[in-house]
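Below is one structure, written out as structure tokens; comments come after it.
Any read-out appearing in this document is the output of simple, stated calculations on the displayed coordinates, not a laboratory observation. Owing to the predicted nature of the structure, the values given are computational and were not obtained by experimental measurement. All Cβ positions, glycine included, derive from the backbone under ideal geometry; neighbour counts span all protein chains shown.
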Amino acid sequence: MQPTPTQLKKKIKRWLIFLMAGLVLSGITAFPIESELAIAMNNLSAFSPKMQHWLSTIYTAVKTTNAQYPYLSYGTDWLAFAHIIIAIAFIGPLRDPVRNIWVLQFGMIACVLIFPLAFIAGPIRHIPLFWQLVDCSFGVIGIIPLYIACRYTYQLENITNNSHL
């Protein structure tokens, strides 16, 4: 039995709200990065030795940079802001998924482009491979709800087009 347009719209909304919540959450957590790293440092034993070394290195870099050059963290603030703004872009597909399917397609392209960025810029910036893979996981996690919402949107479009015949 084929789902109704109302059922498809609800499914699309659920997946998009999940995606948007993830974007907002990842954005908000970029603001207090030094405090979050301090918490990780207080619980370092919970991590593998390789991760302990990486977290210690990052914490030292962030703490030193913030102490001497606090304005550089403004870049992280803009990263956080960008995540929130990208989440807002998905309001269009929430309201009218068929008309705004391009936003879903744009999001999937962005998720795929995380991979070349991570694997090109990562080595240049001396980011360990395991952390490049963590960054790539955002593309994998992001593309799943987008792909599902896109598939439901195509179904909704077909139902809508067929009902007008």
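Annotations for the structure displayed:
- Near-label residues of region 138-152 by backbone N, under 15 Å of a point 7 Å along Cα→Cβ of L79: 138-139
- Per-residue Cβ neighbour counts within 10 Å put W131, W15 in the sequence W131, W15, beginning with the fewest.
- Leading residue at positive end of dipole, the chain (Cβ point charges), from Y71, P123, I159: I159
- Using a simple spin-label model with pseudo-atoms 7 Å out from Cα toward Cβ, V134 and D96 lie 4.2 nm apart.
- Multiplying the residue separation of I127 and S163 by 0.36 nm and removing their Cα-Cα distance gives an extension gain of 7.7 nm.
- Linear extension gain, L72 paired with R14, 0.36 nm per residue minus alpha-carbon span: 17.2 nm
- For the chain, the longest principal axis of the alpha carbon atoms and the long axis of helix 129-163 meet at an angle near 10°.
- At R0 = 45 Å, FRET efficiency that the Cβ-Cβ distance of T6 and L117 yields, to 0.05: 0.70
- Relative contact order of the chain, defined on C-alpha pairs under 8 angstrom at six or more residues apart (%): 36 percent
- Longest DSSP-loop-exposure-free segment, trypsin sites (Lys or Arg not before Pro), the chain, at most 13 other Cβ within 10 Å: 1-98
- Nearest-20 debye value, the chain charge dipole, Cβ charges on Lys, Arg, Asp, Glu: 480 debye
- Most mobile of A46, A82, A118 in a GNM of the chain (Cα contacts under 10 Å): A46
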